[in-house]
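Q: Okay, handing you the structure first.
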Amino acid sequence: MGLNMASLASGSNGNCYYVGNEKEAVLVDVGISCRETERRMQRLGLSMEKVKAIFISHEHTDHIKGLPVIAKKYKIPVYITPATLQGLRGGVEPQLVRAFRGYEPVEVGGLSVTAFPKYHDAADPHSFIVSGGGINVGVFTDIGTPCDHVIRNFQQCHAAFLETNYDDDLLDRGHYPYHLKARIRGNHGHLSNRQALNLFTGYKPEFMSHVLLGHLSRDNNHPGLVQELFTAHAQDTLVVVASRYEETSVYHIEGDPIPLAERPVVAPVPEAVPAPSPPVVQQLSLELF
């Protein structure tokens, strides 16, 4: 059994992540065109007919560009929060829209998808854990800072898509204006290589077999730099750097299922761990990230 995972696209030019079992699958974000999503899945031997739901993390263009067309063409339900839906530039057919809430699992056949809030410069941003057969695959991208929600869920994952957006030195020396550098580094921006590595080395469970590093900045990072940095600390975890230009391979995730008593809490987070408050969203281009 187990779960299959692949990055179809990962970067400011488009993000789309696939997680599924033998019978059904979900997409997290559709930031590339319908045609390109189909092409990349076909090259991997993946079928759109297995995709039973799409989950949207937030409303930025690089996460929703292909959503209206692909949802309409395949009649796929779209799980999205009301605040995120309001920010979409292209509409989704109303009959396909489904609302979700943090820490309330959504059952998709043999899969269960649990959203949790995070810090990012968007109306109501969430990340996700996709579970099946006791195996958890997490999507941890577009995160300003590793809050308690992120840390707690990362500790439960057999595999993860993890953002490594920028290298501090490259960002410092780069051509971006000061205000944009500050925004990228801010608590509602993106994870640096160092922040992601600290999350990985500090909270990676022993059973995490794969980490797919993604959303690398074109100007402020380099795949070889990220690969070398994480491989040095990976131990038995396979490190893959996801491309902004093409799909990764499909990775099959197996392992010992997490006992029920140790799986993520699916009740609302206690008040002692406040949910990230939504920032004031400015309509500035995030495609430079």
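Values in this text are rule-based calculations from the coordinates and carry no lab data. Predicted model, so just to flag it, every value in this text is computed and none were measured. Here the Cβ is made from the backbone with ideal geometry for all residues, glycine too, and neighbour counts use every protein chain on show.
Q: Could you work out how far apart the two model spin labels at HIS175 and LEU238 are, taking each label as a point 7 Å from the Cα in the direction of the beta carbon, and quote it in nm?
A: 3.8
Q: Would you mind telling me the antiparallel percentage of the DSSP bridges in the stretch 103-173, rounded to 5?
A: Once the DSSP bridges in the stretch 103-173 are tallied, antiparallel ones form about 80 percent.
Q: Whole Å is fine, so just give me how far the alpha carbon centre of the stretch 1-51 lies from that of the stretch 180-215.
A: 22
Q: Something else now. Return the single residue from ASN13, ASN165, ASN136 with maximal mean-square fluctuation; model: Gaussian network over the chain, springs between Cα atoms under 10 Å.
A: Fluctuation is largest for ASN13.
Q: Check GLY144: other-chain or 5+ apart residues with amide H under 5 Å from its amide H, H built from backbone geometry?
A: Placed amide hydrogens put TYR119, HIS120, GLY189 under 5 Å from GLY144.
Q: Same structure again: Which one of LEU212, LEU162, LEU88 has the biggest mean-square fluctuation once the chain is modelled by GNM with Cα springs under 10 Å?
A: LEU88
Q: Under a straight-distance cross-link criterion of Cα-Cα below 19 Å, which lysines are reachable from LYS73, leaving out those fewer than 8 residues away in the same chain?
A: The reachable lysines, counting only those whose Cα sits under 19 Å from LYS73, are LYS50, LYS52, LYS65.
Q: Top mean-square fluctuation among TYR178, TYR18, TYR251, Gaussian network model of the chain, C-alpha springs under 10 Å?
A: TYR178
Q: Quick check: residue separation of GLU93 and GLU49 times 0.36 nm, minus the Cα distance between them. What number comes out in nm?
A: 13.9 nm
Q: Expressed in nm², what is the orientationally averaged projection area of the convex hull enclosing the Cα positions of the stretch 81-141?
A: 4.9
Q: How large is the charge dipole for the stretch 78-147, taken about the Cα centre, if only the Cβ atoms of Lys, Arg (+1) and Asp, Glu (-1) carry charge, to the nearest 20 debye?
A: 0
Q: Which of the following values of Cα extents along the principal axes in Å was calculated from the structure shown: (i) 48, 45, 42; (ii) 52, 46, 34; (iii) 63, 46, 34?
A: (i)
Q: Put +1 on the Cβ of each Lys and Arg and -1 on the Cβ of each Asp and Glu in the chain; which of THR231, THR84, ALA242 then has its Cα farthest toward the positive end of the dipole?
A: Value: THR84.
Q: Is there a quick way to get the dipole size of the chain? I mean about its Cα centre, with the Cβ of Lys and Arg at +1 and of Asp and Glu at -1; what is the value in debye to the nearest 20?
A: The dipole of the chain has a size of about 700 debye.
Q: Continuing with this model, one more query. Output the antiparallel fraction of DSSP beta bridges having both residues in the chain, as a percent to the nearest 5.
A: Taking every DSSP beta bridge within the chain, about 55 percent pair in antiparallel fashion.
Q: When 1/r is averaged over all different Cα pairs and the result inverted, which Kirkwood radius in Å belongs to the stretch 11-167? Don't jump to the answer; show the numbers that get you there.
A: On the way: mean 1/r = 0.0644 Å⁻¹.
Mean inverse Cα-Cα distance, inverted, gives 15.5 Å.
Q: Translational diffusion coefficient of the stretch 156-206 at 37 °C, 0.692 mPa s, Stokes-Einstein with Kirkwood Rh over Cα pairs, in µm²/s as a whole number.
A: For the chosen part, D equals 271 µm²/s.
Q: Here's something else I'd like to know. Which of the GluC sites (Glu not before Pro) across the stretch 7-36 are loop residues per DSSP, with 14 or fewer other Cβ within 10 Å?
A: Those satisfying the criteria are GLU22.
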